[in-house]
Each structure stands twice: as C-alpha cells, then as structure tokens.
Amino acid sequence: MEIVTTKVKLSYGKVTVILDCPSCVGSYYYRCAPSSGDTLFRDTPLMLGPSAIPVFDLDRRLRRLFAIDGEFSFPVAVAVKTDTLDPGQKKIFESFIGRLPGTHDSAFVAFAVSAETAIALPGEAAVKPLPKTLDSILSDSGIRGASFPGEDSVAWHLDPLALMIRFLSKAGTP
Amino acid sequence: MANECKYLIFRVGSKPYAIPASLVREIVTALPRFPVPFTPRWVRGVLNRHGEPYVILDVQVLLGGDPLDTRTDVLLALDNDQIAVSISEVLEFRTVAEKDLRTISAPDESTVYFSGALGSASDAVFVLDVPHILERLADDVRNA
C-alpha cells in the first residue's frame, strides 16, 4: 500500500477537525454501526485487500471532546500505518486489538469518522502557536493546535495516532 | 494620582469581585464558545476574539459553586497568556487608595484566590489573585 502523509479535513458545522495523519494509506468508505457499549474500537475491521485493519471509533470521541451534535453522516475510515508508534505505544495498541473479534493487522489502524470529509488544502486554516495555558492543557493530548477560520468557528488540528494512544493509555489494560 | 489603583468591579452570580483595571483588555459578550477537551471543570472552553483563542475560566466553579450561566467575559491583559474570566455583569470601575486595599492576613480555603479586599468587612469586594488562579490552573492541568 502506498504511504502518504496528508491532512484530512473533517467538517462538523462550526467545528472543523484537521487530522494530521502520518503514514496515511488513504480514506475509504466504511459503514459500520458503532458498538453498543462504550468501546474504543468498532467490531468490524476495515478490509483492505487481505488486511483486516482495526478501526478506532474516532467519531464518537470527537463528538464528545468538542461537543459536536447533529448528523454529518458520510462514513469514512482513514487508514494509517502504525510505524510511528514507539514500542511502548505499540504494545498498548496491540493489547487492545488482541481482544477484538477476528484477527487484525496491527501494522495499520483506521479511524472511523462521519463528517464531511476532504483533503485539507495547503495553508488552509494554518495552525497558530497556542497561548501558554491552552498549550499546556493540550500538550501530550494529540491535539496539536487550533485555528480560527472565522469569528464563529474553530478548527482543531490533531494527530489521530497520538489521540488514540491517549485514550488507550487512560483506559488501561482491556 | 499616586498610591491609587483603579479596579473593575463585577458580579459573578450573586457576589461582587474585583480585578485591577490594568489587567482588563476587553469585556466581550455573546462570543461563541468552544469546549476544550481534557480540562478541569472550571475551564469553560475557549473563545475566539479576532482569531486569537482565550481560555475561559469560571471562577464560580473554582470557588465551589455551580457553572455560571452567562455570555459575558473579561479578557485579561497578560504578557504571555490569553485568559478570559466569565462574569455575570460589570458593576463599575472604582478608584481605590492603596491604603484602602485590605490584605487577607490568614487566607483560608474560601479566600485563597484573593489578593485583598476593597470596602468594609460588611460589604467587602474581594480582589481576584490572577497569578494564583493561574498557578492552580497549571496544577489542575498537570494532574488532569
């Protein structure tokens, strides 16, 4: 699979989320209802050729983190390679996907979203350095910064892999 | 005039508080607020003022009360940070002689976030200790 680094723009009305995806494989149509429980991963993997890629339920997390409501329902999974995880992070990740039904390929992870999805154009809503307090709140969270495309909107820039690891670490051993 | 300081007096819920007017950049109303994840309960989100983010603090929650229902915020003039404090309404700007700022000799849990008080004991207006509040915020964020 070809690896590219890209930014994926998710539009949820006044809230935009820009995923800064390292080692991105691509975005794929992916329709799978969220699990009934408050699980971090979807039950159904994203099938790419012979690979069954685990799908992290990023959509549910984003809606909670940024108080997003409303239906933005084009279902997409953004697949990225996990080679940028350090050994400790990879171990945490593998301990979670080992509990999923079936066998999943830990070399990749996909992020389920259901926003209006597009590739972010270069320079679009360029991230600005954050003021001190906001920067310390968001450090190590996976959220890299914010920008304000208009007076009544916000764009959060985040690394989905780092955000996922934060959630997995907080959740502890599954 | 020497030995005087001007304060912004405002109401938060039912109680009046003050901050030095030199710390006030702007008072804004009805700006959109956006929640910020991974924050203590007394951080109400971030607001966007001309493309600059300000972290919104709810002093009423910090002091043990319920979240303040308001759309008015004081943007603070700080050298290296962008902070807003939610208020119910502005009451007045008041010039106070330095000698009339009473110090809090033995701060307890209820007064630890105040640097002093204006007025008499019966109608005291506590002055918010902004640096101390920001220290508490840094601690809460570290422990989040």
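With a 1.4 Å probe and every protein chain left in place, work out the accessible area per residue of the protein assembly as shown in Å², rounded to a whole number.
Per residue, the protein assembly as shown has an accessible area of 48 Å².
For region B:116-121, what does the Karplus curve 6.51 cos²θ - 1.76 cosθ + 1.60, with θ = phi - 60°, yield as ³J(HN,Hα) per residue in whole Hz, taken in order and with x for Gly and Pro?
So the Karplus estimates, Gly and Pro as x, are x, 9, 9, x, 7, 4 Hz.
Taking chain B as the reference, fit the longest principal axis to its C-alpha atoms, fit the long axis of helix B:130-142 to the helix C-alpha atoms, and give the angle between the two in degrees, 0 to 90, nearest 10.
The angle comes out at about 30 degrees.
Going Cα to Cα from B:Lys99, which lysines come in below 16 Å? Please leave out same-chain ones fewer than 8 positions away.
B:Lys6
From the phi angles alone, apply the Karplus equation (6.51, -1.76, 1.60; θ = phi - 60°) to region B:77-87 and give each ³J(HN,Hα) in whole Hz, x where the residue is Gly or Pro.
9, 10, 5, 10, 7, 10, 10, 10, 10, 6, 9
Unpartnered cysteines of chain A (Cβ-Cβ under 4.7 Å counts as a partner)?
Within chain A, the cysteines lacking a partner Cβ under 4.7 Å are A:Cys32.
Pick from A:Pro34, A:Pro101, A:Pro131: which residue has the top mean-square fluctuation in a GNM of chain A where Cα pairs under 10 Å get a spring?
A:Pro131
Please compute the net charge surrounding A:Ile68, taking Lys and Arg as +1 and Asp and Glu as -1 over other residues with Cβ under 11 Å from its Cβ.
+2
Suppose a student asked you for the relative contact order of region A:20-174, using Cα pairs under 8 Å spaced at least 6 residues apart; what percent would you report?
26
Calculate the dipole size of chain A relative to its Cα centre from +1 charges on Lys and Arg beta carbons and -1 charges on Asp and Glu beta carbons; express the result in debye to the nearest 20.
Approximately 280 debye in magnitude.
Which cross-chain or sequence-distant (5 or more) residues have an amide H under 5 Å from the amide H of A:Ala146, H modelled 1.01 Å from N in plane?
Hits under the 5 Å cutoff: A:Lys128, A:His157.
Report the charge-dipole magnitude of the protein assembly as shown in Debye, nearest 20, computed about the Cα centre from +1 at each Lys and Arg Cβ and -1 at each Asp and Glu Cβ.
Numbers: 32 positive and 39 negative charges, 105 e Å.
Dipole size: approximately 500 debye.
Name the residue, out of A:Phe108, A:Phe148, A:Phe93, whose mean-square fluctuation peaks in a Gaussian network model built on chain A with Cα pairs under 10 Å.
Of A:Phe108, A:Phe148, A:Phe93, the Gaussian network model singles out A:Phe148 as fluctuating most.
What's the total accessible area buried between chains A and B, using a 1.4 Å probe, rounded to the nearest 100 Å²?
2100
For region A:39-85, state which residues have at least 10 Å² less accessible area in the presence of all protein chains than in their chain by itself, taking the probe as 1.4 Å and leaving out ligands, DNA and RNA.
Output list: A:Leu65, A:Phe66, A:Ala67.
Could you check how much of the accessible area of chain B is carbon and sulfur, as a whole percent, using a 1.4 Å probe?
48
What are the equivalent ellipsoid semi-axes of region B:44-134, built from the alpha-carbon gyration tensor (square roots of five times its eigenvalues), in whole angstrom, biggest first?
Working from the Cα gyration tensor, I get semi-axes of 25, 15, 14 Å.
Using only DSSP helix segments of four residues or longer, with each worth -39500 (n - 2.57), what per-residue ellipticity at 222 nm results for chain A after dividing by its residue count and rounding to 500?
My calculation for chain A gives -6500 deg cm²/dmol from helical runs alone.
Within region A:25-174, how many Lys pairs that are eight or more residues apart, or on different chains, come under 16 Å at the alpha-carbon?
Numbers: A:Lys81/A:Lys90; A:Lys81/A:Lys91; A:Lys90/A:Lys170; A:Lys91/A:Lys170.
Counting lysine pairs in region A:25-174 gives 4.
Given A:Ala67, A:Leu46, A:Val113, which one lies farthest toward the positive end of the charge dipole of region A:1-117, if we put +1 on the Cβ of every Lys and Arg and -1 on the Cβ of every Asp and Glu?
About the Cα centre, the residue reaching furthest to the positive side is A:Ala67.
To the nearest 20 debye, what charge dipole does region A:1-85 have about its Cα centre, counting +1 at the Cβ of each Lys and Arg and -1 at the Cβ of each Asp and Glu?
Dipole magnitude for region A:1-85 comes out near 180 debye.
Rolling a 1.4 angstrom probe over the protein chains, ignoring ligands and nucleic acids, what is the accessible area of B:Phe10 in square angstrom, nearest 10?
Ignoring ligands and nucleic acids, B:Phe10 comes out at about 0 Å².
Running a GNM on chain A with Cα contacts under 10 Å, which residue among A:Ser139, A:Ser95, A:Ser51 ends up with the highest mean-square fluctuation?
A:Ser139
The values are calculated or read from the model by the stated rules, or taken from the named source; none is laboratory data. Note that the coordinates shown come from a computational prediction; the quantities given were computed from them, not determined experimentally. Cβ sites come from the backbone with ideal geometry, for glycine too, and all protein chains shown count toward neighbours. Quick note on the areas: whole protein, heavy atoms, side chains included, nothing else; ligands and nucleic acids left out. Shrake-Rupley method; radii C 1.70, N 1.55, O 1.52, S 1.80 Å.
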